[in-house]
Amino acid sequence: MKKVDHIGIAVRNLDDVLPYYTETLGCPLLKIEEVESERVRVAFIDAGNIKLELLEPMDDSSAIHKFLEKKGEGIHHIAFGVENIEQRMDELKEKGVRLLNEQPKNGAGGALVAFMHPKSSNGVLYELCQKQ
């Protein structure tokens, strides 16, 4: 693991919460994009030494929608930056870590991503994130 790349935060509506991050906290908005594969709209916030990834569901089929219905708004995942995601996934599997993805998939910002099952990570959803 290189570093914590970002913290994912589930929100019901980006337009409603962005002023808190940009105006109240004074953190710059880096960009907003849609990730079709995950059915989310994502805003990246520069919080100094780390990015915050605000995740809004695009529809009811999104995992973020399901998360919000179950737990409400808040921290969804912590993402670790990695150099070689496939190698890291293999190493974790060898150590008994259950992954939610068999293969890396395309995530926000053009990164390759894969998630560790929270049951293998003491209740925390961790993401592996390899920037292109």
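Here are the numbers for this structure:
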| item | result |
| --- | --- |
| Flag if residue 50 is surrounded by 18 or more Cβ atoms within 10 Å (Cβ to Cβ) and within 30 Å of residue 88 (Cα to Cα) | no |
| Residue in segment 94-107 that is in contact (Cβ under 8 Å) with a residue 40 or more places away in the chain, under 18 Å from residue 1 (Cβ atoms) and surrounded by 13 or more Cβ atoms within 10 Å (Cβ to Cβ) present | yes |
| Selected residue [under 26 Å from residue 26 (Cα atoms) and either of a type in the set (Phe, Trp, Tyr) or without any contact (Cβ under 8 Å) to a residue 24 or more places away in the chain (or both)] from 67, 80, 115 | 80 |
| Count - residues of segment 20-42 that are touching a Ser or Thr at 6+ places or on another chain (Cβ under 7 Å) and part of a strand (DSSP E or B) | 2 |
| Any hit, segment 43-60, residues being assigned to a loop (DSSP other than H, G, I, E, B), under 14 Å from the mean Cα position of the chain (by Cα) and at pLDDT below 95 | yes |
| Cβ-Cβ under 9 Å pairs, at least 6 apart or on other chains, segment 1-22 side more than 24 Å from residue 69 (Cβ to Cβ), far side buried (at least 17 other Cβ atoms within 10 Å of the Cβ) and basic (Lys, Arg) | 1/88; 5/51 |
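The values are calculated or read from the model by the stated rules, or taken from the named source; none is laboratory data. As the structure is a prediction and not an experimental result, all values here were calculated from the model. Positions of Cβ are generated from backbone atoms using ideal geometry, with glycine treated the same way; all protein chains shown enter the neighbour counts.
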